[in-house]
Structures are given as C-alpha cells and as structure tokens.
Amino acid sequence: MGWLLLASLVFYSYWDVRFLPLLLISVVMNWCLARFYEAAGHPAIPLVGVMMNLLIIGIFKYANFVTENLLLVWGSRFEPWNIALPLGISFFTFQQISYLLDLRRGQAPVYPFGQYALYVTFFPQLIAGPIVRHNELIDQFDLSPQRDGCAERLSRGFILFLIGLAKKVILADKMAEIATPLFSLAAEGTHLTFAEVWVAAGGYALQLYFDFSGYSDMAIGLGLLFGFTIPINFNAPYIAVSVRDYWRRWHITLSRFLRDYLYIPLGGSRFGLPRQVFAVMVTMGLGGLWHGASWNCILWGLWQGVGLIGNHLWQKTGIHLPRAVAWLMTLLFIISGYMVFRSETLPQAWTMLATMIGWHGWSLVVNDVPHRWHVIIFALPALIGPTSHELALNKLQPRPIYATLAAGLFIYLIWMIGDEGYSEFIYFQF
Amino acid sequence: MKDIRNLSIFSSSGDWKAFLRTAACVVLILFLGSVIFILVVDPYASIPFSPNWERTTVDGDQRLFYPNLARSARFDSAIIGTSSGRLLRPEGLNKRFASQFVNLCLNAASVYEQEAMLNIFLAHHPHPRTIIFGIDHVYFKPEYDKQHIGPSENWPEWLYDQNPLNNFPPYRLHTLTHAWHQFLSMAGLKTYKYGRDGYTDFTRPMDEYDLDRARVKIYGTQEPKPVKAVVPPTRMSSAEIEAFKFSSLAILARMLSKLPDETLKILVLTPAHNFIQPAPGSASAIRWQEFLRRLTELTRNLPRGYVLNFNIPSPITTQDANYWDGQHYTVVVAAELESLIAEGVRGTIDNANYVRLVANKYRVLSPQNFIEK
C-alpha cells in the first residue's frame, strides 16, 4: 500500500509538481478534521471541512469567474488573476467532501491515514475520476492483489485499460480533429453551414464521450490490475431514452454524488413539485458549474435541469412515446446542450443552435473538413456496440486470438502515442 | 456486471494465465521486431551502425530526411531557406555556377533551423563552392522575430545536434511508416517523387493553375486590389527606427562567418507578390528599408558575397499569374529566377526591374572564375 501511495504521488507530481503540496495539504487537513470529529464529536466539524474544501476549489477554480462577474455588476473591468488550476482538484475535493458528509451521517469510520491518503490519491482515478466513495475502495486495500483470480483480473483489467486507451487515442482524438476546427471557426465569427454545425455537434458529442469514458475505462482497468474494483462511470449514455436515463448512464459517479449530497438534502421529491423543481435546478446548475467556471457550463447544467423536470412531468402524464422517438428526442436534447457547453461564448452557442435548426439556411456544404464521415462510422460503437466494461469484464473469454489481437492493438497504440504532437508541415493549400 | 473482486468462476485460472502469457509474448515480439526493423532500415540514415545502404527521401517531412542529403558527398553547394526557395532547381543552377547543388530549403523553416541545416552541410563540406540563401519574410517581419528564431514545435533536434549518441529515431508510428517506405524504396518495390537533390515541385501541375483561386489566396477575393500607399506616410524618429529588432540578422551573420572566403555566397531576397510587400508609406515599409540597410551593412565586406533583391515591385511580383499565393511563385518564375540569379552575380543583368543589388556592387571581372572551372 505504501508503494502504491508513493507511486500515486509521483504520478501526480509528474503532471505538475507545483500542486503536490496542495494535494498533500488537502489530504492531511481532511484526515485531521475527521480525527478531530471522532474525538470531539461536534457535528459542525465535518461541515467546517466541507467549507474549507469548497474554499480551496473556489480559490483555484472559481475566483476569477466570481470576481469578474461581481465587478461586472459593479461596472468595473477585471484583469484575471494568473491562477493555475491544479490537476484533478474537482475530483479529489468532491471525494473528500463526500467522505466528510458520510462521516457526519455516521456512515463512515475514521480510516488510518495511509488508507485514507491512498483512497484520495489512488492514481488511476485521481485525475479524471470516477468519483469513488470511501467504502467502495478502502475496504479493498486489505485484499491481496495475488488472491484467487489474479490472472483473470490482470487480463480483464488490461483489456479494459486497452479499450479505454483506444477510445482516447483513436476515436476521441480523431473526432477532435473534426470538431475543434469547426468550433474554432465559429468562435472567430465564421458562420458555419447547417451541415457543418451538425458535423461539429456530432463530432464533439463523440469526442466528449470517447475521451471521458476512455479515461474512466483506463482508471477502472488500472484499478483491476492492482486488484481493486472501481465503480463504472459510463453505460452507453447515447442509447438513453430519456434525460433521466441519460444521467443514469453518463458520468454515473458524479450523478450519484449530486443526488446524494445535493439533490436529496435539498428536499428531492419529498416536498412537492415546486421544491423538487428548485432542488433539480440548483443541483444541475451547480453540477454545470462543477464542470467549468463559466456561464456556458452553468447554463448547460440548468438546461439539463429543465430536461429532467420536463422528463418528470411527461412521465406523470403516463403517455409512452415509441422508443425510437424517445431516443431521438433525448439525443437531440443532449447534443443541443453540448453546443452551449462547448461554445466559447453564449452568442456563439446561440448562433450555432440557430444554424442547427435551419435558421440560417439548409446548406449541406461542408468545407475543408477531412474525414467528416468518420462521425457516422465512429457513432456506431457508441450507439450499438457493447460497452467497454461489458466487453472486457463479461464477454471476454481467455482465447489466444483475443490475447494476440489485444497485444497488437497495445503496440499500435504505443506507436500512435509516440506520434502525439507530431505533425508534418502541411500548410500549402493551393 | 460480474463481481470482479474475486474472479475465478468462469474459467480456470490456467486459461487466463495462458491468455496473459500470449499477450505478453506478442507484445514483446512486436516491440523487438519493430525496433530491429527501424535500426536496420534506418529511415533517416542517422544510426551509426546500420547497414551502409543508400537511403532516399521517401516522405515530405524534410526536417527528418534532408540531413541525409546535407551529409552526401554528391554535392558541393547548397540552397538554404524556406519554401520560398524550394522551387530553385539544382539542375538549373549547377551549370551556371559550376557547382553540384542540393536544395536544403525547408517548409516554414525558422532561421534557427536554416542554420542547423547549414551546420550539417558544413560539417561534411567544409569548403563549399556556392551557398545560396533564400531570404524572405521570416527574416524581417516583426511577428517572426520571436517565433522564427527558435526551432519549430516538431523540430527533430536529435538529428541536428551532431551528437551521434542520440541519433536513434523516436519509437512512433511515423518512424515505422518511414522505415517501411524506405524499405520499399531500397528493395526497388516503390519509387518516390522526392528528388535526390532535395528538389521537389510542391505546387500543382501548371495545367491545373487557377488564377481566381490564386487571387483569393493573394487578395482574399477574386478581384485584384491595388496596393494602397499610406497617406500621409508614416513617420518614425531615427531612435524608433534604430530600435527595430532583427534577431535573424545575427544568425545570418553567424552563418556567413562560418563560410570560407572562397565560397560564393548569394543572398536572394525572394520575390513575394507585390500586394503583400510593405505598402509605400507604411510602418512596415520603414521596417523593410531598415532591414535592407542593416543587411547591406552586414554584407558590405563579405568576400564573394552578393545580395540580390527580388522583393520589389517588378514584372515578376506584379503579375498575379506568377503566384499560387502571396509567398509562393510558380515553377515558371523559379526557372527565370535561376537565370536571373546567375546574371545578377555576373553583374551582366540588363533588366534592372527584376534585380537590384543592394550591397556589394562589384562587378565580377571574369565570370569564368566560377562559371567555368
């Protein structure tokens, strides 16, 4: 365990050693508060801890955004402070908040420092989640990685890691090559055509999914290599047939966190519809803010809230849409939200959304976007393929052909990663 | 989903051990196989102990392949510059200068990169017969002063630092692809379009030339626009002009200082389209004139040095049909330039509209000195 903790800290330092002290201070502070609570028993202590965690994330992630908007109300201009965002701060802060709140609820013990520190810093999930709960991971630290089933866990973990890596390196990066230039053009004020906006939207939806779920697969796969089970984070979100269904499939550990530590404490569905609307909108608005310090993110979160409430009201009518219609409507709703989320400014988002619905014409011309058809091809694994965890953890059989193919893919991905940042000087377009 | 905390129920652990063993063996075989393939084929001719086979340029990434050309004993002269010099054909210059040229111009080369290329050439040809420098906007535009002084993002410094201990190509897909192409080339299974003297026509065939498209590249629209003089002309104090920074000239001075006196040194200010040349009366025109002044100063006493300025309003630079875009002239112009450079150096040029000598106005008394051995 000591080695794993050390490896995790080295891993974090490798990204940016400047933030290692912050991570260590955060871990030590939260653990000390837990011990203090155990000794003193005052229910305010965990809340103080929560406030301190929020203060830390507030300073590093939201100080510029909040100050800029306050000064805007004041009528003053603001030069943003040069604050670098520590890697993974949103994840390790939320894990610790959930622990402190569970402690206060009497649902968590005070763990030995080593176990607690490893829980927070365990490198596979430190940077980009999943947001793991203490009782999902810490109990496993006592299990020997060489216990029965070791070879199977190693094999399945390797395959899941590999699928995640392929999602990131092949699928997500290819989709980024399509979506990023189009969004950049739109940000510069270029009016994209109807078809171009749809290519950008589809490309970005797939990029986001493959990228994020790829990281989660890698984290879960790496966890398995060490003998640990980490909860799944994505479950084919683009086959969802309602917004509610989508949030049960997309970033599952965050949805769970928001439900248990925001939505339910805010009243949930227990006090009538107005209170529920309030709880949903606050939860999703803050959920949006968690994703990024911008009005676009907040608006995206609120848009999700509107979708969830609409979903709830529709369910009350008892009318069932055909599954295909429900799926299509959900997907369009989700993609329209991404346009707000991805755009650099709100006017850009409005322009792109208006173009999507034909406000600026129906041109099917797509200029200078190579491999645009990949958007359709790459959508297939997201829509009809088995999920990566289903493939790696359920369907995979120990056949030599699979091992050979996986090894070949692994080496190919190593080559591709070697190519990262490499590009020829292709700048002639006569 | 299965509980994976304690898996051993679906198949015997022996199967999974075999699965892991197979995967590990295949990874090892592929890894070692690919490394050995790269080491033997040696796509960039950089590995000291690889078989001594002839390697050629098999891909457009000049930064990786041209060091091999720069080392080649087949040449005694070189063209150094950016894409604005790439269309100068060694075979069009060899006879005129009684030299064996290699064109080592790199797309979008920073001045740093040009010097690195020259360094390799000089390390293997300490007494070059002729060096032609293509001088363009990367030398004098202010935005390039910082950006183009250092290497570009993908610059393979390991190939240029003259340290044989780090001459192993990076382990990546591109290296393997290049090794594969090199293998096909060496086995005679495929030929590549890249010239053995560094020359490649990177433009489209002239019968595909589209004047409207070229005008869009030059002017931003299909309609030609006149050069607009700035009225009233921009005025700058001598102190402001003195404060102009041309970091590239320091590197150029260093490059020139490395060349022996007997080497013929030709500095060609390549012809950009007149529309993108500094507009009369503009601040950039003042900067351009100051650049010319300092360049003239730098090369005043350069032994066997010539500076030919084609970057002027001229029958070349005012004809849209001579250009693909603002910076890149056609192969027709390139062929004309080859002859004009030779004439300019001889001092016999009769069309002063094309060429102005901005420094070293000495006429060469006896052209035979270097045209005929």
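The values are calculated or read from the model by the stated rules, or taken from the named source; none is laboratory data. It should be emphasised that the depicted structure is a prediction, and the values quoted were computed from it without experimental measurement. As a convention, Cβ positions derive from the backbone with ideal geometry for all residues, glycine included, and neighbour counts pool all protein chains shown. Just so you know, the surface numbers come from the protein's heavy atoms only, side chains and all, with ligands and any DNA or RNA stripped out. Shrake-Rupley method; radii C 1.70, N 1.55, O 1.52, S 1.80 Å.
State, to one decimal in nm, how far the label point of residue A:260 lies from the label point of residue A:180, with both points 7 Å from Cα in the Cβ direction.
Label-label distance for residue A:260 and residue A:180, simple model: 3.6 nm.
Note down, for the protein assembly as shown, the three equivalent ellipsoid semi-axes (square root of 5 times each alpha carbon gyration tensor eigenvalue), biggest first, whole angstrom.
Equivalent ellipsoid semi-axes, largest first: 59, 33, 26 Å.
Which whole-Hz couplings ³J(HN,Hα) result when phi for each residue of segment B:36-41 is put into the Karplus expression 6.51 cos²θ - 1.76 cosθ + 1.60, θ = phi - 60°, listed in order with x for Gly and Pro?
These are the phi-based 3J(HN,Hα) values: 5, 4, 5, 5, 6, 6 Hz.
Which cross-chain or sequence-distant (5 or more) residues have an amide H under 5 Å from the amide H of residue B:264, H modelled 1.01 Å from N in plane?
B:130, B:131
Any idea of residue B:240's accessible area? Nearest 10 Å², probe 1.4 Å.
100 Å²
Using a Gaussian network model of chain B whose springs link C-alpha atoms within less than 10 Å, name the residue from B:42, B:136, B:261 with the highest mean-square fluctuation.
Top of the fluctuation ranking is B:261.
Show the residues, 5+ positions off or on another chain, whose built amide H is closer than 5 Å to the amide H of residue B:135.
Placed amide hydrogens put B:268, B:269, B:270 under 5 Å from residue B:135.
If r is the Cβ-Cβ distance from residue B:163 to residue A:35 and R0 is 56 Å, what FRET efficiency results, to the nearest 0.05?
The computed FRET efficiency comes out at 0.55.
Mind telling me which of B:79, B:341, B:47 comes out most flexible in a GNM of chain B, alpha-carbon contacts under 10 Å?
Looking only at B:79, B:341, B:47, the largest GNM fluctuation is found for B:47.
About its Cα centre, how strong a charge dipole does chain A have in debye, to the nearest 20, once Lys and Arg get +1 and Asp and Glu get -1 at the Cβ?
It comes to approximately 1220 debye.
Quick check on my link table: of A:174/A:395; B:141/B:228; B:141/B:225; A:167/B:17; A:168/A:395, which ones sit more than 24 Å apart, alpha carbon to alpha carbon? Working shown, then result.
Values: A:174/A:395 27 Å; B:141/B:228 19 Å; B:141/B:225 22 Å; A:167/B:17 26 Å; A:168/A:395 22 Å.
Over 24 Å Cα-Cα: A:174/A:395; A:167/B:17.
Separation between the residue A:24 and residue B:154 pseudo-spin-labels, each 7 Å from Cα along Cα→Cβ, expressed in nm?
Each label point is offset 7 Å from its Cα along the Cβ direction, giving 4.0 nm.
If R0 is 51 Å, what FRET efficiency do you get for residue B:239 and residue A:74 from their C-beta distance, rounded to 0.05?
Result of the calculation: an efficiency of 0.75.
How much space per residue, in cubic angstrom, does the convex hull of the C-alpha atoms of segment B:133-282 take up?
That works out to 226 Å³ per residue.
Taking the radius of gyration and the Kirkwood hydrodynamic radius from Cα positions alone, what is the Rg/Rh ratio for chain B, to two decimal places?
Across chain B, the Cα-based Rg/Rh ratio is 1.10.
Put +1 on the Cβ of every Lys and Arg and -1 on every Asp and Glu Cβ in segment A:2-142; which of A:10, A:100, A:129 then has its Cα farthest towards the positive end of the dipole?
Most positive-ward Cα: A:100.
Which value, to two decimals, describes the C-alpha radius of gyration of segment A:23-167 once divided by 2.2 N^0.38 Å?
Working: Rg = 19.0 Å, N = 145, 2.2 N^0.38 = 14.6 Å.
Here the answer is 1.31, to two decimals.
Averaging sequence separations of C-alpha pairs under 8 Å and six or more residues apart, then dividing by the length of chain B, give the relative contact order as a whole percent.
19 percent
For every helix of n ≥ 4 consecutive DSSP H residues, a contribution of -39,500 (n - 2.57) applies; sum these over chain A, divide by its total residues, and give [θ] at 222 nm rounded to the nearest 500 deg cm²/dmol.
Rounded to the nearest 500, it is -20500 deg cm²/dmol.
Working with all protein chains in place, sort A:85, A:171 by solvent-accessible area computed with a 1.4 Å probe, largest first.
A:85, A:171
I need the shape label for segment A:302-430. Rule: rounded when a/c is under 1.5, else prolate if a/b > b/c, else oblate, with a, b, c from the alpha carbon gyration tensor.
In terms of gyration-tensor shape, oblate.
If B:210, A:260 are ordered by their accessible area, calculated over protein heavy atoms with a 1.4 Å probe, which sequence runs from highest to lowest?
B:210, A:260
Would you please classify the overall shape of segment A:349-394 from the alpha carbon gyration tensor, given that a ≥ b ≥ c denote the square roots of the eigenvalues, rounded means a/c under 1.5, and beyond that prolate means a/b larger than b/c while oblate covers the rest?
Cα axes put segment A:349-394 in the prolate bin.
As a test of the definition: which semi-axes, in Å, follow for chain A when you take the square root of five times each eigenvalue of its alpha carbon gyration tensor? Largest first, please.
Each semi-axis is the square root of five times an eigenvalue, giving 34, 30, 23 Å.
Expressed in nm to one decimal, what extension gain is obtained for the pair residue A:377 and residue A:13 from 0.36 nm per residue of sequence separation less their Cα-Cα distance?
Extra length from residue A:377 to residue A:13 when fully extended: 127.2 nm.
If the cut-off is a Cα-Cα distance under 15 Å, which aspartates and glutamates reach residue A:316, setting aside same-chain residues fewer than 8 apart in sequence?
Those aspartates and glutamates meeting the cut-off do not exist here.
FRET efficiency for residue B:301 and residue A:173, Cβ-Cβ distance as r, R0 = 51 Å, nearest 0.05? List each step's numbers first, then the result.
Working: r = 54 Å, r/R0 = 1.06.
After rounding, the FRET efficiency stands at 0.40.
Tally Lys/Arg at +1 and Asp/Glu at -1 over every other residue whose Cβ is under 12 Å from the Cβ of residue A:255; what's the total?
Details: positive: A:244, A:248, A:249, A:256, A:259; negative: A:245, A:260.
Around residue A:255, the surrounding residues sum to +3.
What is the spin-label model distance, in nm, from residue B:210 to residue B:231 if the labels are put 7 Å beyond Cα along the C-beta direction?
3.7 nm
Only four residue types carry charge here, +1 at the Cβ of Lys and Arg and -1 at the Cβ of Asp and Glu. Report the dipole size of the protein assembly as shown about the Cα centre in Debye, rounded to the nearest 20.
Charge dipole, the protein assembly as shown, about its Cα centre: 880 debye, nearest 20.
Charges only on Cβ, +1 for Lys and Arg, -1 for Asp and Glu: so what's the dipole of chain B about the Cα centre, in debye to the nearest 20?
360 debye
Rounded if a/c is under 1.5, else prolate if a/b is larger than b/c, else oblate: which is segment A:315-389, with a ≥ b ≥ c the root eigenvalues of its Cα gyration tensor?
Oblate is the answer for segment A:315-389, as a/c is 1.5 or above yet b/c matches or exceeds a/b.
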